[in-house]
Amino acid sequence: MEGETSWFSHCIDNFKNDSVELDPFLELNDKSSEEVADAVFVDLILPNDLLERILACLPVASIFKAGCVCKRWHAIVSSDRSLQNFSILPLQKPWYFMFTSSDEPVGYAYDSVLQKWYGINLPYIEASSWFIALSCGALAISVNKLSHNYNAFIAKSKQVPGWQAGDESVICDGVMYFLIYSTGGGGTDNRHGLILYNLTSQMPHSLLMKSFISAIGIWSLNGKEWQEIARVPHKLFNGFGEFDDVFASSGTVDLIYIQSYGAPILLVYEVN
Amino acid sequence: MSSSTELTEKKVFLLKSLDGVIFEVEESVAVQLEVIRELIEGDCARPFISLYNVTSEILALVIEYCKHHAETCSGGTSATIADEDLKTFDNEFMNVDENILLELCSAADYLDIKSLFELTCRTLASLIKDRTIIEVRKMFNVENDFSVVEEKAVRKEFAWAFK
């Protein structure tokens, strides 16, 4: 297993042979043998699927730690099926991942349930750019160079005078939102705009403008109206924004992560 | 015990444990055991239902759990008070020996009592969480069947989780 490049791809077949299926309650029939059987008793009454359900209630890091208990547990923790089951549980929250180096495939992952950071060395990837999605302990990486098998939508927009395209976009409920910046001249009222493009109906795009205040907040878009949901408290903002005024933010499920590039701070906001 | 069937208007059912002990339970309790629900609804639950996978010790606990949950839910108290009450009860109910917990978990799975199954899974998980690998092995009586080299390799594989 030395030099293995992936976390999950361990051959579980090697360990399968020890999961003998026994009638879990066989020992109970004979009262007198109960003491003798006690040493193996517990393991016997716990078939794999039960153990899997118990382990699934653990925080992600503890699940993997449990894989070090014995071969059977390791096989359960490493199996594709249980990994899928673990990630759909409501007890888990999406993780946040950030690279700590632009050259090396290393970074930190943050578990908001335990409020803990984990240093993670990614398998070596020979590519210059990648996108990371980390959720509930599972990590998906799509690498530009190797990407295939996905549908690309290209929405062409008319040039909007005085505006330039940003490099951020998101697709949500079939609508693509594309961020644009004002090139100046129009005062400071409207420095950001959004282009909306409905992918399903291929409706003509519309332009939304928003003047943002000097604070970090979360707004939701109801139709064409912005509605403020939350604003980062001034106290937090002061410590957060003084190093750099560029932030990265991302959202998955009901968590929004905001990270300052210059400061070692991560803000987590839970919608609802 | 069995004569109470005539005395009360409530339907009662007899559950027989693995070791032959017969428990009398009211319908509101029995229907929480999904595994026998169909038998009850189809009126096939006579004279008693044999539960081959559950000992009397565990069945008594399961019945205690279902009884309390049935009573609390039908007690006419407001939902929030009932919720609080169940939470307190569940916490105390889970304050048992680890082996009992494992047996309860297994029984709840077999009898198909969803809330008890989830409760025991969560409780067992919280016991695992706060322990070292060696303590977990002891708790579950699991033998470490890794070789020294293998264990070193898996610990290295999941090294990030230990930090």
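The values are calculated or read from the model by the stated rules, or taken from the named source; none is laboratory data. This is a predicted model, so every value here is computed, not measured. Virtual Cβ from ideal backbone geometry, glycine too; neighbours counted across all protein chains shown.
Only residues that are loosely packed, with under 14 Cβ neighbours inside 10 Å and at negative phi were counted in the range B:34-49, giving 7. Taken over the range B:127-140, the criterion of being facing chain A (nearest Cβ under 8 Å) and basic (Lys, Arg) is satisfied by B:LYS129, B:ARG137.
If you check B:ALA82 against the conditions, is it surrounded by 13 or more Cβ atoms within 10 Å (Cβ to Cβ), within 15 Å of B:LEU33 (Cα to Cα) and either in contact with a strand residue (DSSP E or B) (Cβ under 9 Å, 6 or more places away or on another chain) or small (Gly, Ala, Ser) (or both)? No, not satisfied.
Out of all the residues in the range B:63-95, which are among the aromatic types (Phe, Trp, Tyr) and within 13 Å of the chain's Cα centre (by Cα)? Listed by number, the residues that qualify are B:TYR65, B:PHE93. Return the only residue of B:GLU98, B:GLU143, B:GLU157, B:GLU118 being within 14 Å of the chain's Cα centre (by Cα), facing chain A (nearest Cβ under 10 Å) and modelled with pLDDT under 90. Just a single option satisfies the conditions, and that option is B:GLU98.
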